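> Below is a structure I'd like to ask you about.
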Amino acid sequence: MSEANFQPRVFSGIQPSGNLTLGNYLGALRRFVDMQNDENPALYCIVDLHAITVWQEPDALAMATRELTAAYVACGIDPERSILFNQSQVPAHSQLAWIFNCVARIGWINRMTQFKDKAGKNRENASLGLYAYPALMAADILVYHATHVPVGEDQKQHVELTRDIAAKFNHDFGLDFFPMPEPVIEGAATRVMSLRDGTKKMSKSDPSDMSRINMTDDADAIAQKIRKARTDPEALPSELKGLDDRPEARNLVNIYAALAGTQPQDVLTEYGGQQFSTFKPALADLAVEHLSPIAGRMSELMADPAEIDRILAQGADRAAEIAEPIIDRTYEITGMILKRKS
Ligand code: AQP
């Protein structure tokens, strides 16, 4: 039954669907850097096919794809050590997604909370792609036989569905062909919340720019957004328990801890009993200290779009080299005749 001996391999992706946020940075990008691996290069993808599940202006999409590439590099992803590429340049993603559309059950997809959140009340008018998004995400991961997927908390359900798809495929065809990938969700800020509503995730597509810190915000914008972030009138507590029922306060403490590389309790030990009028400027300084050099490096990289396109093309070639034998074997397992390649 066993066909493959799965080596540890990291895959993750981010949508080029607008301004990258502090949530994307703390929940994903920053952690990708630590997971780079020389022996088995990690794959980091700009998932442009996912982005078009909601409307994207073509020029803005191309721009966002280059900007996201620049962000990856500015945060410390080395395009020689890791494989950095945009999804649409490797057709194997779409090929495997179709197979997985035929493996995943409608009942499974109906349970996905992201579709419900994004389609909202206007579900009948959402794209079929938005509904089928999780099967494409499963393909993104499994077309490389990836075993570890660093993501924020919001993506955990999709990685679990990926495991269900892999298990059903393996069971249906009687082979141990796809691995069971693990979500890797770590750190103090696996779910960064909106600055306007501590019960809602910070998101690139939130209509309110004040709800998020963008990776390209300048020091003044960051300070202003943190100063105006919604909070309550109480001082910060000294113990974590005191953050129960205070989602906005908890969010700012978690962000501080993640940026400082400490634990939320350490932040409360330092700031317990202090007002937000003291804590917010300290948080703003910390955020600026982290984000300003990244924004600066991003704009330098953006000045040379041809170099960005070269990085993406080189990454796509390396990604395709891994994906093509896996998609060919998948076709063979499912009974497709492939005679044009020999
Ligand atoms: N608020 C967040 N806190 C922690 N992690 C987050 N991520 C996103 N938002 C937060 C993580 O970032 C990675 C890339 O996410 P994505 O761009 O593919 O899609 P998303 O999760 O839907 O992110 P956004 O910002 O909300 O995008 P839009 O608005 O376009 O839908 C993932 O690992 C995610 O967990």
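> Being out of contact with any Cys (no Cβ under 6 Å at 6 or more places or on another chain), more than 18 Å from Lys280 (Cβ to Cβ) and at pLDDT 95 or above is the requirement here; does Arg163 meet it? Before the answer, list the steps.
On the way: out of contact with any Cys (no Cβ under 6 Å at 6 or more places or on another chain): yes; more than 18 Å from Lys280 (Cβ to Cβ): yes; at pLDDT 95 or above: yes.
So Arg163 passes the test.
> Looking at this structure, is Ser208 more than 22 Å from Tyr44 (Cβ to Cβ), without any contact (Cβ under 8 Å) to a residue 60 or more places away in the chain and exposed (fewer than 15 other Cβ atoms within 10 Å of the Cβ)?
Numbers: more than 22 Å from Tyr44 (Cβ to Cβ): yes; without any contact (Cβ under 8 Å) to a residue 60 or more places away in the chain: yes; exposed (fewer than 15 other Cβ atoms within 10 Å of the Cβ): yes.
Yes: the conditions hold for Ser208.
> For region 27-56, enumerate the residues that are under 16 Å from Val10 (Cβ atoms) and assigned to a helix (DSSP H, G or I). Spell out the reasoning first.
The first filter runs over region 27-56 and keeps only residues under 16 Å from Val10 (Cβ atoms), leaving 27-47.
Residues satisfying the conditions are Gly27, Ala28, Leu29, Arg30, Arg31, Phe32, Val33, Asp34.
> Among the residues that make up region 49-67, is at least one of them modelled with pLDDT of 95 or more and within 23 Å of Leu259 (Cβ to Cβ)?
yes
> Going through region 153-195 one residue at a time, which ones are assigned to a loop (DSSP other than H, G, I, E, B) and of a type in the set (S, T, N, Q)? Full working, then the answer.
From region 153-195, those assigned to a loop (DSSP other than H, G, I, E, B) are 174-175, 177-181, 185-192, 194-195; that's our starting set.
Within region 153-195, Thr190, Ser194 meet the criteria.
> Of the conditions (1) part of a loop (DSSP other than H, G, I, E, B); (2) more than 13 Å from the ligand (Cβ to nearest atom); (3) charged (D, E, K, R); (4) open to solvent by 30 Å² or more (accessible area, probe 1.4 Å), Asp217 fails just one. Which one is it?
Asp217 satisfies all of (1) part of a loop (DSSP other than H, G, I, E, B); (2) more than 13 Å from the ligand (Cβ to nearest atom); (3) charged (D, E, K, R); (4) open to solvent by 30 Å² or more (accessible area, probe 1.4 Å) except (4).
> If Lys225 meets every condition in (1) within 15 Å of the ligand (Cβ to nearest atom); (2) under 30 Å from His158 (Cα atoms); (3) among the charged types (D, E, K, R) apart from one, which number is that one?
Unmet for Lys225, out of (1) within 15 Å of the ligand (Cβ to nearest atom); (2) under 30 Å from His158 (Cα atoms); (3) among the charged types (D, E, K, R): (2).
> Would you check which residues across region 129-161 are away from the ligand (no atom under 13 Å from the Cβ) and either touching a residue at least 24 places away in the same chain (Cβ under 8 Å) or touching a Gly at 6+ places or on another chain (Cβ under 7 Å) (or both) and list them? Let's see the steps before the verdict.
Quick first cut of region 129-161, residues away from the ligand (no atom under 13 Å from the Cβ) only: 129, 131-132, 135, 138-139, 142-147, 160-161.
The answer is Gly129, Ala132, Ala135, Ala138, Ala139, Leu142, Val143, Tyr144, His145, Ala146, Thr147, Leu161.
> Search region 276-302 for residues being touching a residue at least 12 places away in the same chain (Cβ under 8 Å) and β-branched (Val, Ile, Thr), and hand back the single one that is nearest to Arg30 (Cα to Cα).
Ile294
> Is there a residue in region 167-174 that is out of contact with any His (no Cβ under 7 Å at 6 or more places or on another chain), among the aliphatic types (A, V, I, L, M) and surrounded by 15 or more Cβ atoms within 10 Å (Cβ to Cβ)?
Step one: filter region 167-174 for residues out of contact with any His (no Cβ under 7 Å at 6 or more places or on another chain), giving 167-174.
Those still in the list that are among the aliphatic types (A, V, I, L, M) too: 167.
Applying the additional criterion that residues be surrounded by 15 or more Cβ atoms within 10 Å (Cβ to Cβ) yields none.
No, region 167-174 contains no residue that is out of contact with any His (no Cβ under 7 Å at 6 or more places or on another chain), among the aliphatic types (A, V, I, L, M) and surrounded by 15 or more Cβ atoms within 10 Å (Cβ to Cβ).
> Among the candidates Lys116, Lys121, which residue alone is without any contact (Cβ under 8 Å) to a residue 24 or more places away in the chain and either surrounded by 14 or more Cβ atoms within 10 Å (Cβ to Cβ) or part of a helix (DSSP H, G or I) (or both)? Please lay out each step first, then the result.
Details: Lys121 fails: either surrounded by 14 or more Cβ atoms within 10 Å (Cβ to Cβ) or part of a helix (DSSP H, G or I) (or both).
The unique qualifying residue is Lys116.
> Another question, then. As an exercise: evaluate Leu195 against (1) within 16 Å of the ligand (Cβ to nearest atom); (2) under 29 Å from Leu96 (Cβ atoms); (3) out of contact with any strand residue (DSSP E or B) (no Cβ under 8 Å at 6 or more places or on another chain) and give the number of the one condition it does not meet.
All conditions are met except number (2).
> For region 236-275, which positions are assigned to a loop (DSSP other than H, G, I, E, B), open to solvent by 30 Å² or more (accessible area, probe 1.4 Å), in contact (Cβ under 8 Å) with a residue 24 or more places away in the chain and small (Gly, Ala, Ser)?
Residues satisfying the conditions are Ser238, Gly273.
> Could you give me the residue pairs with C-beta distances under 8 Å whose first residue belongs to region 68-96 and is without any contact (Cβ under 8 Å) to a residue 60 or more places away in the chain, whose second residue is among the basic types (Lys, Arg) wherever it lies, and which are 6+ apart or on separate chains?
none
> Within the set of pairs 6 or more residues apart or between chains, which connect a residue that is among the hydrophobic types (A, V, I, L, M, F, W, C) inside region 192-204 to a residue that is more than 12 Å from the ligand (Cβ to nearest atom) and open to solvent by less than 10 Å² (accessible area, probe 1.4 Å) with Cβ atoms less than 7 Å apart?
Note: pairs meeting the criteria are Leu195/Lys225; Leu195/Ala229.
> Quickly run through region 196-214 and pick out the residues that are in a loop (DSSP other than H, G, I, E, B) and charged (D, E, K, R). Reasoning before the result, please.
Just the residues of region 196-214 that are in a loop (DSSP other than H, G, I, E, B), to begin with: 196-200, 202-208, 212-213.
Once the filter is applied, which keeps residues that are in a loop (DSSP other than H, G, I, E, B) and charged (D, E, K, R), region 196-214 yields Arg196, Asp197, Lys200, Lys204, Asp206, Arg212.
> I've got another one for you. Give the residue, chosen from Gly13, Gly18, that is within 11 Å of the ligand (Cβ to nearest atom), outside any helix (DSSP H, G or I) and buried (at least 22 other Cβ atoms within 10 Å of the Cβ). Show your work before the answer.
Working: Gly18 fails: buried (at least 22 other Cβ atoms within 10 Å of the Cβ).
Checking each option against the conditions leaves just Gly13.
The values are calculated or read from the model by the stated rules, or taken from the named source; none is laboratory data. Everything numeric here is computed off the predicted structure, so don't read it as measured data. Neighbour counts run over all protein chains shown; Cβ positions are idealised from the backbone, glycine included. Keep in mind that these areas ignore ligands, DNA and RNA; they rest on the heavy atoms of the full protein, side chains included. Shrake-Rupley method; radii C 1.70, N 1.55, O 1.52, S 1.80 Å.
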